Amino acid sequence: RMHNGTKFLLVFLTLTFFPISPGHSAPKRKGVRTRVTYGELLKLAITHAPSLRMARLKLAGYDAMLSGSKLLYAPTFTISFQGAPSPKFTCVVPRAWIDSADLGGMSEKEFREQYCVGTNRDDSVTLDLDGYALRFQVKAVQPLFTFGKISYSKAMVRAAVRGGEANLAAKSRDLQLLLRKAWYGRKAVHLIAALLKDAETMMSKAKVKASAWEKESKITPVQLIRLKLGENQILRKKLDVGKMDAISLATLRLFAGKDVDIEPGNFSVNKTPPKPLKSLMEQALKRRPEVRALEALRAAKTAKVGLARAAFYPNLGIFVQYTLKLSNSDDPKSVYANDGLHGNSLAFGVGLEMKFDPARMITDLRLARLERREADAQIAAAKDMLRLKLAKARQEVVYQIKRIKLLSRAVKLSRSWTLAISDQEEQGTFNPKEMVDALTSYFTMKLALIEARYELAYAWAALRHATGETI
């Protein structure tokens, strides 16, 4: 029967890491794998993590918006060009004027435009569109005072940048926590494999002795079956470890992007009781990037309220406007000018500008205020959830510390049991069933102790993650 801790480690490695990338399968173990330290593995994971790449791209977008917000005080330009068919107007003058006048070098067209008394068309609508009219206009506005619109816009962008930085830090810490799980899991697999190798060696020695006792009729068939069942139990655990070995290697490959392994060996655990919950909560509120992200969100929503309120006020600025109009109609210079189809104009001055849409503006203000309240509620809810998360993480650390103390005593007791069985063997009062039970108890307790050390190491990592400390 698989030990509960073994089940936990196996299920954890299978369910926690593999769903991240369903397309990856356990790599084939060909040749020697590159052994890496935790720092090297972390660098590889940061390079290959899609979540960090997305967070960096989002932050780059916010930085671009912040750079663009510096130009909000620059003048804005509006350029328009229109062209359309229109009736062609021709100036009319009495023919006698042209015949009797000294044109002085003027063409007949120039003379008609100069002394125009009317046009060949009246004011009635006509569909005889035999001419064209063109209009070009450019307008520049330099804002002087916007009642806070620019300031609120820049505040929103700065808050977005802070939120993006906090989000990137949070994604990085989540990755580090997952990496610590994989690291400690691989360390535990190495230790469990070494433990089972020792168990196989001791069980092999017991089988040799049992064969000799069987010839001497010192062991019953029932006791021999019990010994073989113990051997079968060790083989089943070895099979479980083989599965965990493949899963842990595939997990490391998922993070590193290539086949790597870590140095086998023990890992230290901190058995010092954690700080009180109140102290942990104060520390988490100061350091957690998720808290900073929510505070940035609230700042952005507050600026959005100010921007919606400032929309009810006009903008004061300096404006410059130039207009050019062209047409193939005659350009009369008299009081009989038919239309504004020709000429150019330049205007400048100080003016007020405002787009007034009360329905939209009032709705935007109401929604902005509701979003700010929602951000406040999110912060309050996040603090409650953080307190609960810290309480669970702290209690898990306390539980695993006490569990390790009990298991350490159990390992010593089971070791004493095996030594007592050895003494009985020398005295000739050996019982094979008790030997199998003693060996099974010893290795079960050792296995549970390894798993408890792994769970305590991860519990500390989870607590440091919750408080915002270095993982």
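The values are calculated or read from the model by the stated rules, or taken from the named source; none is laboratory data. Quick caveat: nothing in here was measured; it's all calculated off a predicted structure. Using ideal geometry, Cβ is built from the backbone for each residue, glycine included, and neighbour counts are taken over all protein chains shown.
Scanning segment 20-52 for residues that are part of a helix (DSSP H, G or I) and of a type in the set (A, V, I, L, M), which turns out modelled with the lowest pLDDT?
Among those that are part of a helix (DSSP H, G or I) and of a type in the set (A, V, I, L, M), it is 20.
Considering each residue of segment 246-298, count those that are farther than 30 Å from residue 194 by Cβ and in a helix (DSSP H, G or I), and give that number. Number satisfying all stated conditions: 21. Being within 30 Å of residue 112 (Cβ to Cβ) and of a type in the set (A, V, I, L, M) is a condition met by no residue of segment 242-265.
Taken over segment 67-78, residues that are exposed (fewer than 15 other Cβ atoms within 10 Å of the Cβ) and assigned to a helix (DSSP H, G or I) amount to 2.
Yes or no, residue by residue, for (1) more than 30 Å from residue 70 (Cβ to Cβ); (2) of a type outside the set (Gly, Ala, Ser); (3) over 40 Å from the mean Cα position of the chain (by Cα); (4) assigned by TED's automatic domain parsing to the domain that holds residue 443:
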site: 162; (1), (2), (3), (4): no, yes, no, yes
site: 165; (1), (2), (3), (4): no, yes, no, yes
site: 175; (1), (2), (3), (4): yes, yes, no, yes
site: 180; (1), (2), (3), (4): yes, yes, no, yes
site: 183; (1), (2), (3), (4): yes, yes, no, yes
site: 196; (1), (2), (3), (4): yes, yes, yes, yes
site: 212; (1), (2), (3), (4): yes, no, yes, yes
site: 215; (1), (2), (3), (4): yes, yes, yes, yes
site: 219; (1), (2), (3), (4): yes, yes, yes, yes
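Does any residue of segment 213-225 turn out to be among the basic types (Lys, Arg) and surrounded by fewer than 18 Cβ atoms within 10 Å (Cβ to Cβ)? Among the residues of segment 213-225, at least one is among the basic types (Lys, Arg) and surrounded by fewer than 18 Cβ atoms within 10 Å (Cβ to Cβ), which makes the answer yes.
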